[in-house]
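Written below as structure tokens is the structure these notes are about.
The values are calculated or read from the model by the stated rules, or taken from the named source; none is laboratory data. Note that this is a predicted model, so its numbers are computed, not measured. FYI the Cβ positions are ideal-geometry reconstructions off the backbone, even for glycines, and counts take in every protein chain you see. The accessibility values were calculated without ligands, DNA or RNA, using every heavy atom of the protein model including side chains. Shrake-Rupley method; radii C 1.70, N 1.55, O 1.52, S 1.80 Å.
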Amino acid sequence: MSDGLLSRHDVERIRGVFAAAHLPIRAPGLGVDRYLELMGHDKKIQSGRLRLILLRSLGEAVLTAEFSHDALQDVLGTCTGDG
């Protein structure tokens with residue numbers, strides 16, 4: 001990623017660890033709209049805005065409401081196979 005978040009190398013590293021542990025690397029295919037609906041009930045909603053926990057690097061997380069809704073939809077689609 002180019003905006004100061006997790007590098008592509010680290011994403012591949014995490015996928016490799018998950019695969020080695022026989023853990024899923026794709027979310028269930030509920031559809032992007034359903035995930036957005038469910039996320040709308042999350043405890044991290046503050047003043048009507050969804051906040052996400054994102055990784056800047058391995059071991060360094062940030063809680064933010066500053067993200068592109070389009071990017072979130074793209075990521076959800078990619079992670080569920082719906083994109």
### Query
Points 7 angstrom from Cα along the Cβ direction at VAL11 and GLU60: gap in nanometres?
1.8
### Query
Can you list the residues, at least 5 places off or on another chain, whose amide H is less than 5 Å from the amide H of ALA27, using H built in the peptide plane?
THR80
## Note on the structure
For the stretch 1-64, the per residue accessible area (1.4 Å probe, Å²) is 78
### Query
To one decimal place, what orientation-averaged projected area in nm² is obtained for the convex hull of the Cα set of the stretch 3-49?
5.1
### Summary
Here the convex hull volume per residue of the chain, taken over Cα atoms and given in Å³, is 112
### For the chain, built as a Gaussian network whose Cα springs stay under 10 Å, the top-fluctuating residue of ASP33, ASP42, ASP70
ASP70
### Query
Given a Förster distance of 35 angstrom, what is the FRET efficiency for ALA21 paired with ASP42, based on the Cβ-Cβ distance and rounded to 0.05?
0.85
#### Entry: the chain, helix-only ellipticity at 222 nm - DSSP H runs n ≥ 4, -39,500 (n - 2.57), divided by all residues, nearest 500
-12000 deg cm²/dmol
### Query
For the chain, what is the charge dipole size about the Cα centre, in debye to the nearest 20, if Lys and Arg each add +1 at the Cβ and Asp and Glu each add -1 at the Cβ?
280
#### Entry: Extent along principal axes [Cα atoms of the stretch 41-83; Å; largest to smallest]
28, 28, 17
### Query
For the stretch 26-66, which whole-number percentage of the solvent-accessible area (1.4 Å probe, protein heavy atoms only) is attributable to carbon and sulfur atoms?
51
